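Accompanying notes for the structure given below.
The values are calculated or read from the model by the stated rules, or taken from the named source; none is laboratory data. For clarity, every value in this text was computed on a predicted model and none was experimentally measured. Here the Cβ is made from the backbone with ideal geometry for all residues, glycine too, and neighbour counts use every protein chain on show.
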Amino acid sequence: MQTIKMNLDDKGRLAAIAKALSVDARIEILRQLRHRELNVNEIAEILGIPPSSAAAHVKVLEEAGIIRTNLQPGIRGSMKMCRVVLDHVYVELDTTGNLERQEEVVRMPIGAYVDCRAHPTCGMAGARGPIGREDDPGSFYLPERLEAKLLWVGHGHLEYRFPAQRLEGKGVESLEVSMELCSEDHEYNLDHPSDITLWVNGFEAGTWTCPGDLGGRRGLLNPEWWPDKNTQYGILKTWKLTVNGCFVDGEQGSDRKISDFGLEGGDYITVRIGVKEEAVHKGGFNLFGDCFGDHAQNIVMKIGYAAS
């Protein structure tokens, strides 16, 4: 089971969950699924509605990430089994942003890196299947890497370039970089810590120690072909550069100020994610795209600057 915490900045997910819980029939479906799995026909029979209506309700609940479905053999063809995967939803009626300032958001596909060093265990997966050969660093240079939705590196780094032309003269006050991550071990290993570091323009912005290579339940977004024995989901982490220092999910990771990163004046901002050679926990990393893991996003950069 999973717990989701949101605030008023999470507009898309708030709207999806609100829509899913806005109909009595869908709430009753969740009540019925709370302690057991049911197929769509069983749900229709319990609620006294047509199977087509039950299937439509199930689709809305699945799109919100509250339930998960999978196809299993039935008496006449296959049947769609449904189960609840969300345990708690917390909504803070607050916002982490300053409504008086302007913000620019750039979303970067995880396969659009411009530099890499990937050592086994390593590999890539797309929505439809593996990309290249597993544990072959050469696969990370394939053109097909742009379709990657999950990347894993036992040792090394990935580097991206974000556009910077529009920052000139705007008085950048903050820069956030968020992504879903976990450690990397063969298959999954909940006790496998890794010290994952983010660099911006070559300067260290902070290190987060991930507790393990996460699995044991399916990621909410994982395609059906992805094996249960593999890594399933990560943790959404946010590095934030401010005038007061650098923070990882609100905890200070560096004393370096945003003005020290040289964000203005260049054509791009480099973002590198990796594990340092001298790290205490050299556990690699998994990087999740928008159709793997629990969060429907790639790498997201938010740049905040004072209103003009």
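Here are some notes:
- Scan of the range 26-46 for residues that are over 29 Å from the mean Cα position of the chain (by Cα) and either over 20 Å from Leu86 (Cβ atoms) or exposed (fewer than 14 other Cβ atoms within 10 Å of the Cβ) (or both), ordered by number: Asn41, Glu42, Ala44, Glu45, Ile46
- Criterion violated by Ile269 - all others in (1) over 16 Å from Phe162 (Cα atoms); (2) out of contact with any Asp or Glu (no Cβ under 8 Å at 6 or more places or on another chain) satisfied: (1)
- Restricting the range 105-118 to residues that are at pLDDT below 95 and exposed (fewer than 15 other Cβ atoms within 10 Å of the Cβ), the residue that is nearest to Asp10 (Cα to Cα): Val105
- Tabulated pairs, the range 148-169, first of a type in the set (Asp, Glu), second at pLDDT below 95, C-beta under 7 angstrom, 6+ apart or interchain: Glu168/Glu264; Glu168/Gly265
- Residue within the range 218-239 that is modelled with pLDDT of 95 or more, of a type in the set (A, V, I, L, M) and under 29 Å from Gly265 (Cβ atoms) present: no
- Annotation note: of Asp267, Asp249, the sole residue that is among the acidic types (Asp, Glu) and within 16 Å of the chain's Cα centre (by Cα) is Asp249.
- Residue selected from the range 166-186 under the condition part of a strand (DSSP E or B) and among the aliphatic types (A, V, I, L, M), by the criterion farthest from Glu103 (Cα to Cα): Leu181
- Among the helices (runs of 4 or more DSSP H) confined to the range 18-76, the ones with at least 3 residues that are more than 30 Å from Leu8 (Cα to Cα) and either out of contact with any Lys or Arg (no Cβ under 7 Å at 6 or more places or on another chain) or among the aromatic types (Phe, Trp, Tyr) (or both) are located at 40-47, 51-63.
- Residue that is surrounded by the fewest Cβ atoms within 10 Å (Cβ to Cβ), among those in the range 237-255 that are part of a loop (DSSP other than H, G, I, E, B) and in contact (Cβ under 8 Å) with a residue 24 or more places away in the chain: Val243
- Selected residue (only one of Ile273, Ile258, Ile299 is more than 12 Å from Ser178 (Cβ to Cβ), β-branched (Val, Ile, Thr) and either touching a residue at least 12 places away in the same chain (Cβ under 8 Å) or surrounded by 20 or more Cβ atoms within 10 Å (Cβ to Cβ) (or both)): Ile258
- Of the numbered criteria (1) touching a helix residue (DSSP H, G or I) at 6+ places or on another chain (Cβ under 7 Å); (2) at pLDDT 95 or above, the one Val172 fails is (2).
- Selection count, the range 249-284, where residues are farther than 27 Å from Asp9 by Cα and either of a type in the set (A, V, I, L, M, F, W, C) or touching a Pro at 6+ places or on another chain (Cβ under 7 Å) (or both): 5
- The strands (runs of 3 or more DSSP E) located wholly in the range 77-165 that include 3 or more residues which are within 21 Å of Asn222 (Cβ to Cβ), under 20 Å from the mean Cα position of the chain (by Cα) and not polar (S, T, N, Q) occupy 86-92, 115-125, 150-163.
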